[in-house]
Amino acid sequence: MARHAPPRLHAASAAPAPPPLGECRGAGRLQKKLGDTVVEVRAAHPSDEVEVWGQDEAHLGLKPVLRRVWAPRGERPTALLDPRYEWLWVYAAAHPRSGRVFWLILPRLSAEMAQLFLDEFERSHAPAGKQIVLVWDGAPAHRANELSVPERITIVPLPAYTPELNPTERLWPLVKEGVANRAHDTLAALEQEVCGRCQRITAAQVTALTNYHWWPTA
């Protein structure tokens, strides 16, 4: 008996669909951990607002990001390629429910830079009267002994080998698309381009990509 396959194409702005049962490794565990942490933070700070954010980093460099492009039939597509190995790191924290993003461009991924990011993030988005529950992965910079988590931020680590559970991961294709197939002469020029690209990413785009059905509402 013939069967019709379900449609696979979805609008680019479509919210992530709930995965089939058992398909998303660790999602239930992380959801429970986040929920429990929100309850604990609320109990410890009953008069404060609580928000749940996700955080991630990506590196971009003078070696161009390559993407497929259209070309006339019979012609090969072309893209500038200048493989030089200098990099910068884009740090981002996203609030899936509102689409807000805190961006910071730093020279490397290290405990020192992670500390700088946390301090600036707290200063920008966790003033007195607000508590942030922040999900991030187990990168060595995030587990360094010298890292001091700010007072109004509570860290929840991702389960091992589950980057798909971090909604902030889904922002990087949007960022990289803005510099794809283009060579930059200097890191300063690349940084300027990346900054402009990040500023053009809208809250609606962020929410559509990151607002997982199981993400807690704090």
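The values are calculated or read from the model by the stated rules, or taken from the named source; none is laboratory data. Because the structure is a prediction, the values reported are computed rather than measured. Neighbour counts are summed over all protein chains in view; Cβ atoms, including those assigned to glycine, are modelled from backbone coordinates with ideal geometry.
Determine whether Glu120 is under 17 Å from Asp56 (Cα atoms), acidic (Asp, Glu) and in contact (Cβ under 8 Å) with a residue 40 or more places away in the chain.
Judged against the criteria, Glu120 is not a match.
Contact list please: Cβ distance under 8 Å, first residue in the range 161-190 and over 21 Å from His95 (Cβ atoms), second residue in a helix (DSSP H, G or I) and aliphatic (A, V, I, L, M), pairs at least six apart or on different chains.
Sorted first by the residue in the range 161-190, then by its partner, the pairs are Gly178/Val194; Val179/Leu190; Val179/Val194; His184/Leu190.
Determine whether Glu193 is assigned to a helix (DSSP H, G or I) and buried (at least 17 other Cβ atoms within 10 Å of the Cβ).
On the way: assigned to a helix (DSSP H, G or I): yes; buried (at least 17 other Cβ atoms within 10 Å of the Cβ): no.
No; evaluated as a whole, the condition is false for this residue.
Could you list, ordered by first residue, the pairs with Cβ atoms under 7 Å in which the first is in the range 200-214 and closer than 17 Å to Gln55 by Cα and modelled with pLDDT of 95 or more and the second is among the hydroxyl-bearing types (Ser, Thr, Tyr) and part of a helix (DSSP H, G or I), at least 6 apart or interchain?
If the second residue must be among the hydroxyl-bearing types (Ser, Thr, Tyr) and part of a helix (DSSP H, G or I), the pairs left are Thr210/Thr168.
Please indicate, with yes or no, whether at least one residue in the range 91-108 is of a type outside the set (D, E, K, R), more than 17 Å from the chain's Cα centre (by Cα), part of a loop (DSSP other than H, G, I, E, B) and at pLDDT 90 or above.
Yes, that holds for at least one residue.
Inside the range 135-158, can you point out the residues that are under 29 Å from His213 (Cβ atoms), over 16 Å from the mean Cα position of the chain (by Cα) and not basic (Lys, Arg)?
Matches in the range 135-158: Val149, Ile153, Thr154.
Output the residues belonging to the range 103-116 that are without any contact (Cβ under 8 Å) to a residue 40 or more places away in the chain and either more than 13 Å from Cys195 (Cα to Cα) or of a type outside the set (A, V, I, L, M) (or both).
Across the range 103-116, the qualifying residues are Pro107, Arg108, Ser110, Ala111, Glu112, Met113, Ala114, Gln115, Leu116.
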